[in-house]
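The values are calculated or read from the model by the stated rules, or taken from the named source; none is laboratory data. The structure displayed is predicted, hence computed values, not measured ones. Don't worry about glycine lacking a Cβ; one is built from the backbone with ideal geometry, like all the others, and counts go over all protein chains shown.
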Amino acid sequence: IDLTHNPPLPLTPSDFIQQVSSDCSTLFVDGSESGVGSTCVRVEFLLGTLSGSLCLSVWAPVVPLRVSLSDNELSAIEGWNHYAENGCSPVYQRSTVQVLTQFSAQGGQGQLTYLLGSSDWFVDATEMVRNWLRVENPRVAVLDKQSNLIGLHPG
């Protein structure tokens, strides 16, 4: 991609994995282009008569993501109640929610390579996906801003 033109040169369909910043200074991918990473995405640079290329690894999260709870059962805490408009109700336990994933990239021969060299390693992706976490039944539990699952009622 010639980063010296303004606007950048038109991209062909094979170039859709690449995006250029509005000021033409940065080339990036955001993960929406493909669900599969690559051990070598070749980026070619042109500046007048000078040219060069660089092979970059692009790692993609392995889906589905793994959701882990510090406590899988949120019970009422015996003897602990809180007052609400409709009377006293039990206080339930909380659980920390953690979202884990592996990152992988596909090699030139189609083989899968894992970040850090092993499929045993998981990366904590909680911060990256926090805004997309939802509780299926908000009458039973809610998720606070710190990714704690708070029990409300049996369910």
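Could you look through the range 81-118, keep only residues that are in contact with a strand residue (DSSP E or B) (Cβ under 8 Å, 6 or more places away or on another chain) and assigned to a loop (DSSP other than H, G, I, E, B), and pick out the one that is surrounded by the most Cβ atoms within 10 Å (Cβ to Cβ)?
Gln102
Regarding Leu149, is this residue surrounded by 10 or more Cβ atoms within 10 Å (Cβ to Cβ), modelled with pLDDT of 95 or more and under 26 Å from Val41 (Cα atoms)?
For Leu149, the condition - surrounded by 10 or more Cβ atoms within 10 Å (Cβ to Cβ), modelled with pLDDT of 95 or more and under 26 Å from Val41 (Cα atoms) - is not met.
Failed condition for Ser53, given (1) of a type outside the set (Asp, Glu); (2) at pLDDT below 90; (3) out of contact with any Lys or Arg (no Cβ under 7 Å at 6 or more places or on another chain), with all others met?
So the condition that Ser53 fails would be (3).
Can you tell me which residue within the range 51-80, out of those that are over 27 Å from Ala141 (Cβ atoms) and surrounded by fewer than 15 Cβ atoms within 10 Å (Cβ to Cβ), is nearest to the chain's Cα centre (by Cα)?
Ser57
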